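The values are calculated or read from the model by the stated rules, or taken from the named source; none is laboratory data. On a predicted model such as this, the values are computed, not experimentally measured, just so you know. Here the Cβ positions follow ideal geometry from the backbone for every residue, glycine too, while neighbour counts run over all protein chains shown. For accessibility, only protein heavy atoms count, side chains too; no ligands or nucleic acids. Shrake-Rupley method; radii C 1.70, N 1.55, O 1.52, S 1.80 Å.
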Amino acid sequence: MARVPYLRREDADESMKPLYDRLETERKVPTANIFLALANAPTQLDAFLTYANSLRAADLSPKLRELAILTVGHATRSAYEVAHHQSHGLKAGLTEEQLAAVADFESSDLFDVTEKAVMRLARESTLRVDVSEETWRAAADLLTDRQMVELSLSIAWYNSGVRIMGLLDIDLEANYQDPFPNS
């Protein structure tokens, strides 16, 4: 159970109507629990959405971004992050087989050199914060400087997201399947 109430449109005052309009335009309906919890801090939620949207408008391919996000989710065992980003991964061009293999990407032949380099960077940054020069170079030799900065921002952003979800104890919505049912 979440540590703050999920603030739905009907529970909010009239001044928050534009924020709910934005949520319903830019995100899936029904509104995800993470956004309903963050609605308790409307100014920050508005900025949160703007920043998240900027990451989606990046030069980095959506497929690589989603692989990085899913790797963060698996590294932190964030059922919420993984469940929500599987559909994004499919839209970005990942296959069901690739989604199932993200947790064990190192031993999988379903990912190319660039994808594995991105996933290694995401995992190492998530688990160790500082990344080795070897891990950085493996990705940087395949991507532009702009893409590396966008990738770094995405990895860091989604690491903050999983921590927010953990702190607030955000519930996975009933229409999503828990990818870690035995944890």
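List of remarks:
- Annotation: lysines with alpha-carbon distance below 27 angstrom to residue 17 (same-chain offsets under eight excluded): 28.
- List 95, 71, ordered by accessible area with a 1.4 Å probe, largest first: 95, 71
- Modelled spin-label separation between residue 156 and residue 51, with each label point placed 7 Å from Cα along the Cα-to-Cβ direction: 0.9 nm.
- The order of 31, 25 by accessible area, most exposed first and with a 1.4 Å probe, is 25, 31.
- Whether region 59-161 is rounded, prolate or oblate, judged on the alpha carbon gyration tensor where a/c under 1.5 counts as rounded: rounded
- Prolate/oblate/rounded call for the chain, Cα gyration tensor, a/c under 1.5 rounded: prolate
- The accessible surface of region 139-183, taken with every protein chain in place and a 1.4 Å probe, is 55 percent carbon and sulfur.
- Across region 1-126, the mean sequence separation of Cα contacts (distance under 8 Å, 6 or more residues apart), normalised by length, yields a relative contact order of 20 percent.
- Region 79-130 and region 23-58 have their alpha-carbon centroids 23 Å apart.
- Calculated FRET value between residue 4 and residue 134, using beta carbons and R₀ = 41 Å, to 0.05: 0.50
- Linear extension gain, residue 43 paired with residue 149, 0.36 nm per residue minus alpha-carbon span: 35.6 nm
- Highest mean packing first, where packing is the average number of other Cβ atoms within 10 Å per residue, the peptides 102-108, 37-43, 76-82, 174-180 line up as 76-82, 37-43, 102-108, 174-180.
- Note on the chain: GNM, Cα springs under 10 Å; of 69, 164, 155, the largest mean-square fluctuation is that of 164.
- Solvent exposure of region 121-183 amounts to 60 Å² per residue of accessible area, where only protein heavy atoms count and the probe is 1.4 Å.
- Per-residue accessible area (protein heavy atoms, 1.4 Å probe) orders 116, 63 as 63, 116, starting from the largest.
- For region 69-133: relative contact order, % (alpha-carbon pairs under 8 angstrom, 6 or more apart): 36 percent
- Counted as membrane-span-like here are DSSP H helices of the chain whose alpha-carbon atoms extend 18 Å or more along the helix's own axis and whose Kyte-Doolittle mean is -0.5 or above; these are 42-56, 62-76, 113-128, 145-168.
- Where trypsin sites (Lys or Arg not before Pro) fall in DSSP loop in region 1-40, at most 15 other Cβ within 10 Å: 3, 8, 27, 28
- Solvent exposure of region 30-117, expressed per residue, is 41 Å² of accessible area, with all protein chains present and a 1.4 angstrom probe.
- Computed packing ranks the peptides 165-172, 143-150 as 165-172, 143-150, most packed first, by mean other Cβ atoms within 10 Å.
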